Structure formats: C-alpha cells, structure tokens
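Trainee: The structure's right below; bear with me while I get my questions together.
The values are calculated or read from the model by the stated rules, or taken from the named source; none is laboratory data. For clarity, every value in this text was computed on a predicted model and none was experimentally measured. Positions of Cβ are generated from backbone atoms using ideal geometry, with glycine treated the same way; all protein chains shown enter the neighbour counts. These accessible areas exclude ligands, DNA and RNA; they are computed on the full protein's heavy atoms, side chains included. Shrake-Rupley method; radii C 1.70, N 1.55, O 1.52, S 1.80 Å.
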Amino acid sequence: WTYILVIIGAVLSMIASAKVKSTFNKYAKVMNSRGLTGADVASTILRNGGMYDVRVEHISGSLTDHFDPKTIRASMGAAASVEIEVFDTMEDYLARSPENNCYPFMLDGSASLPELMAEPLPPVWSLVFGNEGAGLPPEFAALGRAVRIPSNDRVDSLNLSVAAAIGIYEFTRKAAEA
C-alpha cells in the first residue's frame, strides 16, 4: 500500500505543478495597462514608501525563488514570528495587558520613529495601528507615546501594511539589541 500511496502522491504533485506552470505561462503573456514589469512596480512601491535604499533583485528562471539564509525576502516572511491578538475594544486590551507600554502610530504623533529608536525601549510594549482609511482617532494619543513615521513631501502617508511593517521591524530590531 505504501508504494501505491507514494505513486498517487507523486501523480497529484505533478498535476498540481503542471496546473501552476500553465496558469503562470498564461498570465506571463498578459501585459499590464502601463507596460510595467514586476521590478518596475516593486521599485515604485518602495520609492512611494520612502525606502530608497532597498534593492530589487532580478531572479532568472521561471517560477524560481532565491534563497539566501542571511536574508529574509518577501517570500520567506514566515521566518519572522510576531504575536498578534485581536480585541473588540481598546478597553478590552488594556484590561488584559495593563503593563504594556502602548505606542499608537499616528500621522501627528509627538515622537518620530527614529527619535524613539534612539531611546531605550521598555521591556513590555505594544504597537497600536488604526484602520487603513481613517487611522487612529485623536484620543488614542493619550494611550502612550504617539509615534509618527517621518516621510517626505512627496508622500502623504504610508498605507497600513507598510507602516505596520516598518514599526514592527524597528521595534523588534531595537528589542533584539537590548
């Protein structure tokens, strides 16, 4: 029975692989409306996010992934471990974790992220982000040290996922230094 199961697994794997390749080949021939490559789009997203020192690497081949154990790439995001909990209200969260130092991320935060990263972090902290459209209401500034991510005059604000990624990266990097 073992051989039969292995053969069935191999056949299913080959079918799945053929389906992925077929779909990839179909859509690889479809141009976007502006004629941009994936590298062009990635570079534009990075520049709009104010990240000028990030390099977009070309990986040759079809459906390939570049593995470098010293670098976490977008496809390897699972290598990072972040604890995420969802609460119905901020009051519920504060009742459960009163010892946490809150850092609400706001467009008009009183502390810039680089200034904050120059100071020691408390041992227990939480990053607080609002929704994509409205962000956090002004009263959230009173929860703790309100943080802003500095940008330039070409960028109004960062989208939620970019802001969260920057905040999580900087705080975890700083915590690892301690």
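Trainee: Considering only residues that are open to solvent by less than 70 Å² (accessible area, probe 1.4 Å) and not aliphatic (A, V, I, L, M), which ones fall in the stretch 86-104?
Mentor: Scanning the stretch 86-104 gives F87, T89, Y93, S97, N100, N101, C102, Y103, P104.
Trainee: Looking at (1) open to solvent by 80 Å² or more (accessible area, probe 1.4 Å); (2) modelled with pLDDT of 75 or more; (3) assigned to a loop (DSSP other than H, G, I, E, B), can you tell me which one M31 breaks?
Mentor: (2)
Trainee: Same structure again: Is there a residue being assigned to a helix (DSSP H, G or I) and either open to solvent by 60 Å² or more (accessible area, probe 1.4 Å) or aromatic (F, W, Y) (or both) anywhere in the stretch 142-150?
Mentor: yes
Trainee: When you look at V128, is it within 16 Å of G49 (Cα to Cα), touching a helix residue (DSSP H, G or I) at 6+ places or on another chain (Cβ under 8 Å) and either in contact (Cβ under 8 Å) with a residue 24 or more places away in the chain or open to solvent by 60 Å² or more (accessible area, probe 1.4 Å) (or both), yes or no?
Mentor: no
Trainee: Restrict the check to the stretch 131-152 and report whether at least one residue is under 20 Å from V86 (Cα atoms), polar (S, T, N, Q) and at pLDDT 85 or above.
Mentor: no
Trainee: Suppose the filter is at pLDDT below 75, in contact with a Pro (Cβ under 9 Å, 6 or more places away or on another chain) and surrounded by 10 or more Cβ atoms within 10 Å (Cβ to Cβ); does G50 pass it?
Mentor: Answer is yes for this residue.
Trainee: If you take the residues in the stretch 153-178 that are part of a helix (DSSP H, G or I) and among the polar types (S, T, N, Q), which one is modelled with the lowest pLDDT?
Mentor: S161
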